[in-house]
Amino acid sequence: MSSPLLVASTDSARNLVMLTVEGSLSDAEHVESIRLVLPAVPAGHSFIVDLSETTALGQHAIAALRSVAGDASRLGVTMIIVCGDLARRSELVLADLDTLVPVVEALGQALPLTRAA
């Protein structure tokens with residue numbers, strides 16, 4: 001199984017870092033790349049992880065995402081998960097990821113949350 005493609009960008013005007021994940025996010029090792037981005041998020045910036053283009057979410061990956069969300073909280077980084085696919089978003093909510101960070105359907109729902117931070 002191949003690793004997912006991660007594309008990161010920074011929007012200084014909106015004070016956010018966005019990481020788009022494409023492909024299968026099937027195990028905890030795949031999520032470690034997301035964890036490595038956290039220390040690079042500039043102070044005062046939010047961190048949006050867009051999982052809308054993921055083709056699969058494994059249970060170990062979801063558990064690792066929960067861990068990354070906890071790390072973001074400890075570092076004082078506002079993290080938001082975007083997932084357009086209802087089935088995958090439901091998996092994230094059923095795993096209680098939404099108790100740690102917002103899990104929203106679209107980027108348009110995430111942007112107001114970054115301004116509130």
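So what is the accessible area of region 7-115 per residue, in Å², with the probe set to 1.4 Å?
I get 48 Å² per residue for this part.
Within the accessible area of the chain, what % is carbon and sulfur when the probe is 1.4 Å and the other protein chains stay in place?
53
May I ask for the distance between the Cα centers of region 24-67 and region 83-110, given as a whole number of Å?
So the separation of the two Cα centres works out to 13 Å.
For P(r) over Cα pairs in 5 Å bins from 0, in percent, one of (i) 2, 12, 25, 28, 21, 9, 2, 0; (ii) 2, 11, 19, 22, 19, 15, 8, 4, 1; (iii) 2, 11, 20, 23, 18, 10, 7, 5, 3, 2, 1, 0 was computed from the structure I shared and the rest are decoys. Which label?
Given (i) 2, 12, 25, 28, 21, 9, 2, 0; (ii) 2, 11, 19, 22, 19, 15, 8, 4, 1; (iii) 2, 11, 20, 23, 18, 10, 7, 5, 3, 2, 1, 0, the structure-derived one carries the label (i).
About its Cα centre, what dipole magnitude does the chain give when the only charges are +1 on Lys and Arg Cβ and -1 on Asp and Glu Cβ, stated in debye to the nearest 20?
360
The values are calculated or read from the model by the stated rules, or taken from the named source; none is laboratory data. It should be emphasised that the depicted structure is a prediction, and the values quoted were computed from it without experimental measurement. For neighbour counting, all protein chains shown are included, and Cβ atoms are generated from backbone atoms with ideal geometry for every residue, glycine included. What goes into the accessible areas is simple: the full protein's heavy atoms, side chains included, and nothing from ligands, DNA or RNA. Shrake-Rupley method; radii C 1.70, N 1.55, O 1.52, S 1.80 Å.
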